[in-house]
Amino acid sequence: IASMGLHHGNRKTREMLHMDPAEGLTAMQVFGADPAVMAEAARAVADSGAVAVDINMGCPVPKICKTGAGAALLADLDHASAIVRAMADAVDIPVMVKMRRGLTPREAQPVEAAKRFADAGAAALTVHPRAAAEEYGGEADHRITADVVAAVDVPVIASGDITTVPGAVAVLRATGCAAVMI
């Protein structure tokens, strides 16, 4: 859900907050680049009845990144951490972060980013161990996921190339992560 769409009262964006009671436990993901607007979005998600709010720091799509949102947030960990802190301070539900390893493999600081996000109040982290520049090419390197698991005291969820039950079990065992995301 676009935080700026919520901020500006966009009807279609606001409709995305509607949950059917049959949905049960639901988390919602928001994206944006302004800490105050992201905190406002977190409050809207909490008010909708969601049990958690997830920050999208993984989207590599240029349309999202050119606004400073998605994976682009990984270029400035101070700013990204400020978003996590603003959202965590704004709501009583858990704030989670879905992140990539970084913008490019060379500039990536996944362990540093994960530590900073956890310190800023993230209750859990989802790690997609490709850089944004790699999009979905190549193979997800879950050694990076394992490094993040070892570095933080919050649950880590592995994402990337998990397409089968045996594959999910292998990633769980190899990384020590708390869960997998498909």
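Looking only at residues in segment 92-141 that are more than 13 Å from A158 (Cα to Cα) and hydroxyl-bearing (S, T, Y), the one that is least open to solvent (accessible area, probe 1.4 Å) is T104. Contact map, segment 7-24: first residue under 11 Å from A50 (Cβ atoms) and aliphatic (A, V, I, L, M), second residue loosely packed, with under 14 Cβ neighbours inside 10 Å and modelled with pLDDT of 95 or more, Cβ cut-off under 6 Å, separation 6 or more or different chains; the map is empty. Within segment 94-114, residues that are more than 19 Å from Q29 (Cβ to Cβ) and in contact (Cβ under 8 Å) with a residue 12 or more places away in the chain sit with their Cβ atoms under 7 Å from residues that are in a loop (DSSP other than H, G, I, E, B) and not polar (S, T, N, Q), at 6+ positions apart or across chains, in these pairs: G102/A108. Could you run through segment 40-66 and say how many residues are within 25 Å of G160 (Cβ to Cβ) and of a type in the set (G, A, S)? Residues in segment 40-66 being within 25 Å of G160 (Cβ to Cβ) and of a type in the set (G, A, S): 3 in total.
When segment 126-182 is filtered for residues that are closer than 13 Å to V111 by Cβ and touching a Cys at 6+ places or on another chain (Cβ under 9 Å), the ones remaining, listed by number, are V127, T145, A146, V148, V149, V156.
The values are calculated or read from the model by the stated rules, or taken from the named source; none is laboratory data. Just so it is clear, the model here is predicted, and its values are computed rather than measured. When we count neighbours, we look across all protein chains shown, and the Cβ atoms used for this are built from the backbone with ideal geometry, even at glycine. Accessible surface is based on the protein model in full, side chains and every heavy atom, while ligands, DNA and RNA are left aside. Shrake-Rupley method; radii C 1.70, N 1.55, O 1.52, S 1.80 Å.
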